[in-house]
Amino acid sequence: MSQRRQYPFHLIEPKWQAHWEAQASHRAWNPGDILPPQHPFALRHQLGGQVASAANLPPKCYILDMFPYPSGAGLHVGHPEGYTATDILSRFRRAQGFNVLHPMGWDAFGLPAEQYAIKTGRHPRITTNENIATFKKQIRSLGFSYDWSREIDTTDPIYFRWTQWIFLQIYNSWFNPETRRAEPVSQLPIPADLQRGPEAERRAFVDSKRLAFVTEAPVWWCEALGTVLANEEVIDGRSEVGDHPVVRKPMRQWMLRITAYAERLLEDLNTIDWTDSLKEMQRNWIGKSEGAQVEFRVEGVAAPIVVFTTRPDTLFGATYMVLSPEHPFVSQITRPAQRDAVRNYQETVARKSDLERTELAKEKTGVFTGAFAINPVTGREIPVWIADYVLASYGTGAIMAVPAHDTRDFEFAQKFNLPIAQVIDPPGGKDWRGYTDDGVAVNSSSGELSLDGQPTAQAKQTIIAWLESRKLGRRTVNFKLRDWLFSRQRYWGEPFPIVWRKDASGALCHEALPESALPLIPPPLDDYKPTPDGQPPLARATAWVNLPDGSARETNTMPQWAGSCWYYLRYLDSRNESMFLDRGVERYWVSRDSGRASQTPGVDLYVGGTEHAVLHLLYARFWHKVLFDLGHVSTPEPFHKLVNQGLILGEDGQKMSKSRGNVVNPDDVLKVFGADAFRLYEMFMGPLEMVKPWNTQGVEGVYRFLGRVWRLFVDEKSEVEFEQSCAADASREAEFLKRVQLQAAVQAVEPTAEQLKTLHACIKKVTEDLEGMRFNTAISGMMVFVNDALAWTVKPASALADFLVLLQPFAPHIAEELWEMLSRHAPVRNRDSAVALGYQPWPAFDPARLVESAWEVPVQVNGKLRDKLVAPTGISAGDLEKAALASEKIRPFLEGKNIKKVIVVPGKLVNIVVG
RNA sequence: GCCAGUGUGGCGAAAUGGCAGACGCACGGGACUUAAAAUCCCGGGGCCUUAAACAGCCGUGUGGGUUCGAGUCCCGCCACUGGCACCA
């Protein structure tokens, strides 16, 4: 490893970080802000001293990172990957003249801080603050151009006050299926019979329509630990900690009605610029499927069993039915002889974990209820079973089994010897048994209906029409998406702004706190564990929970997702104390109708890891749509363009983890190579969205490149003197740095045509690659420039200045230092030296500079390269053909052959086809 | 099982259907040095031939196809990675 530093990054980097901070260089400006006269943004746009407004501000650009959870372990090399990419683009857009919003904050509620508190008794507030301080220090040391004046922390009451406020907006809304949007619950039409009835019934009706509602949902309860566990804390029906048995236990939970938005969440994916794979993941998660509900009568039971099927055309092949073990009809229809078997089975299933239930390769299990239903088209009696391969939570929790044409039903029928009847004729003579794709209906006729001979699509239409005419079923759409379980039995989260009280009839009911009661701050506790009877930790604070008027506070808290659902909005106006977000500010930053028709709606670019492909991004889209419906934001989608950065693996090509011992700590890298080299390497490794292994020797490569950039500018003798001075008195290093001189070869002269060609090739490459987020090739373009420019005997200051503007987004510290040196010693005529480097206009690419007088023409015979000619650029196709045919090296390949065709592509090549 | 992505030198990678391997790492040779480090210069996919070079042949996971021309487009297969996974 290198001993001598390539250049004094250890002095340069802190120097410029302090400078940017002192100048607030990267502040983004809201309409209404007064622009300081000396701020580089004001100087660049000649707005010094003026009040910013949507009219005088340049176009906006909102570039967002997924904010981190500030863990105790500090930053790892994965974090800065996306952060570097967005920082480079932010700096690029500033140079292009945009008003760039590039903020950072902390997603700081969460389990680790709470678990640490349970172990040590230290309040999560304290450890969270410490972790934030560590993260912030590390992030700053990388030189990212965040606007820290907008920093947010989801655990800060001035932030979560508005998280609670948004919850109240959701709570006070219902989804109107007619208008397909959220509306205030105060406008909910109350049915006439309820209007005159008791108040309790009216309230129950309203509560059943709210977008935030209460339900009994099963959670994992561990008797031995005296606590509720999260899904991921339960392994094979036992607790992860201590290996104690756990049971499913219904508990009162808050839910958010995201299912109401399923259709819009799906449709609007078509309006945003995300990768196809990401959209596909969301589509699969939402899981729309079209089909029909069909009713089956059971002898002696009044209500029919309703099933959902996507293949109503196979109804004639339904030879049995299956209910999920939890289906409410099970106890009604079970015959006495089967009662014990059914109850046993239900209990076995209840004890299984989700994992066990969904384990593939598992044998199908189930029990006959003794009951028979009537197939509505064949009129035949079919047995009704219960089995855990039918899920209670999807569709109607019951299916018609068509074993001939459904894999699961086929397996089940084989195991339990149930009849299998063919009703689809597969194309191409395939075996019909277990065939699940489309085909032609067969054996599907009754006295009044026939599907025979109809292809699947048509048969579906026919049968649905018939079912609807007989009131035996109807067309239905189903979604996999479930309502969002929104409550947690935790301490370190936002308390719900809800109280419970008894109404006149003595029934318990919930009620929202007034907005004036926000923020509702969690009470201090000595013990952060749940109570022995399974109440959330907040229940321990009895003085906080029980209010003087006899009502009691909700003791659940919100999940970690809540704070991250809307943080991108708070950045726009993070210090606003009277509103969650000012409408005028919102309009400037995200709206399409801000008077700038061409502007991107919402966040221009959002970069983060794939691990949030579904949950965070779906939840945030949901909240945004509710806020949109209620008129609080002006776009239906929050994130216009989204890019996932790829994982960085350890040097061994394995996922980084403590147990493998292959974790790379950014601090160590920074110490040896500096922040600029670190940033450059993270981008040079390969395309942003690819998975790629870390390689410390690769860092040395880009570090050497920065050393060459340094030597392109500085005078060697002055640098040697600087180093000797530093060796003599290390305490005065920063002062000695000023003695490093620009080399004499850098002069205020016009570049030659050759030099301009090199420069403009670099401008073109870097500009185009940044637009396409191809950071790795942009860097290689700059390397080519530097390799070339090092050989120049006279180095025109203007060309070097343009290069520094290109380099600045990638390696801002060294670029600033060299810019300062350059401006000190050699006047740069094409640049206004009053404007800071970060706001210098991006150099314009001039295609005329790349024009060559001659060019090397590859000549192929039958597609194989045989010669290269040198021809003038403007040569005609005919002349080029003649020259190619006349070539010494080509002639042997043409001898004795017929020239069939000659393909001449001007600017590309010549291909002679012979036969 | 389903969906998506990726397969190119020793390694990270690059190539609007037009000279495969830019740029970088590692490696080898040279210059500077008492020596090393750093720096600078040169070399570089494989095979075959050759003293060396030129020339030639092969080469982008694999098998086909389209095309004057395919890493790139189309069809089949294989491997790896990620997501979903009894969703009727």
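Okay, here's what the table says:
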{"read-out": "Calculated on alpha-carbon atoms, Rg and Dmax of the stretch A:852-914 in Å", "value": "10.9, 37"}
{"read-out": "Chain A - share of DSSP beta bridges that are antiparallel (%, nearest 5)", "value": "75 percent"}
{"read-out": "Acute angle (nearest 10 degrees) that the helix A:812-825 long axis makes with the longest principal axis of chain A, alpha-carbon atoms", "value": "20 degrees"}
{"read-out": "Nonlocal amide H pairs with residue A:373, under 5 Å, H built at 1.01 Å", "value": "A:382, A:384"}
{"read-out": "Theoretical ellipticity at 222 nm over chain A - DSSP helices of four or more residues, -39500 (n - 2.57) apiece, nearest 500", "value": "-10500 deg cm²/dmol"}
{"read-out": "Table column - 3J(HN,Hα) (Hz), the stretch A:622-630, Karplus curve with 6.51, -1.76, 1.60, x for Gly and Pro", "value": "5, 4, 4, 5, 5, 4, 5, 4, 7"}
{"read-out": "Table column - 3J(HN,Hα) (Hz), the stretch A:94-106, Karplus curve with 6.51, -1.76, 1.60, x for Gly and Pro", "value": "4, 5, 6, x, 7, 8, 9, 9, 9, x, 8, x, 10"}
{"read-out": "Rounded to the nearest 20 debye, dipole of chain A from Cβ charges on Lys, Arg, Asp, Glu", "value": "840 debye"}
{"read-out": "Principal axis box of the stretch A:793-839, alpha-carbon based, largest edge first, Å", "value": "26, 25, 15"}
{"read-out": "Size of the stretch A:690-849 as Cα extents on the principal axes (Å, biggest first)", "value": "48, 44, 29"}
{"read-out": "Separation of the residue A:888 and residue A:417 label points, Cα + 7 Å toward Cβ, nm", "value": "9.2 nm"}
{"read-out": "Under 5 Å, built H, 5+ apart or other chain: amide partners of residue A:486", "value": "A:254, A:255, A:256"}
{"read-out": "Compactness of chain A as Cα Rg over 2.2 N^0.38 Å, two decimals", "value": "1.18"}
{"read-out": "Residue A:393-residue A:517 FRET efficiency (beta carbon distance; Förster radius 25 Å; 0.05 resolution)", "value": "0.10"}
{"read-out": "Candidates per GluC sites (Glu not before Pro) in the stretch A:563-654, loop by DSSP, up to 12 other Cβ within 10 Å", "value": "A:577"}
{"read-out": "Spatial extent of the stretch A:677-725: Rg and Dmax, with the Cα atoms as the point set, Å", "value": "14.8, 45"}
{"read-out": "Among A:176, A:160, A:191 the positive-end extreme of the charge dipole of the stretch A:134-209 (Cβ point charges)", "value": "A:160"}
{"read-out": "Sites matching trypsin sites (Lys or Arg not before Pro) across the stretch A:53-130 that sit in DSSP coil, with at most 16 neighbouring C-beta atoms within 10 Å", "value": "A:122"}
{"read-out": "Overall dimensions of the stretch A:792-915 as given by Cα atoms, namely Rg and Dmax in Å", "value": "23.8, 72"}
{"read-out": "Shape box of the stretch A:742-795 [Cα atoms, principal axes, largest first, Å]", "value": "37, 19, 15"}
{"read-out": "Two-site label geometry, residue A:658 and residue A:15: point separation in nm, points 7 Å out along Cα→Cβ", "value": "3.9 nm"}
{"read-out": "Under-5 Å amide H pairs with residue A:425, H placed in peptide plane, nonlocal only", "value": "A:440, A:441, A:442"}
{"read-out": "Over the stretch A:690-849, relative contact order from alpha-carbon pairs under 8 Å, at least 6 apart, %", "value": "25 percent"}
{"read-out": "Filter on A:362/A:480; A:279/A:692; A:209/A:480; A:717/A:765; A:671/A:738 - keep pairs with C-alpha separation over 32 Å", "value": "A:717/A:765"}
{"read-out": "Estimated vicinal HN-Hα couplings, Hz - the stretch A:520-527 in sequence order (Karplus 6.51, -1.76, 1.60; Gly, Pro = x)", "value": "8, 9, x, x, x, 10, 8, 9"}
{"read-out": "The stretch A:624-770 - Rg over Rh from alpha carbon coordinates, Kirkwood radius", "value": "1.13"}
{"read-out": "Kirkwood estimate for the stretch A:289-479, i.e. one over the average of 1/r between Cα atoms, Å", "value": "17.0 Å"}
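Since every read-out is calculated from the coordinates, none of them should be taken as a lab result. Bear in mind the structure is a predicted one, so any value in this text is a computation, not a measurement. Methodologically, a virtual Cβ is constructed for each residue, glycine included, from the backbone with ideal geometry; neighbour enumeration extends over all protein chains shown.
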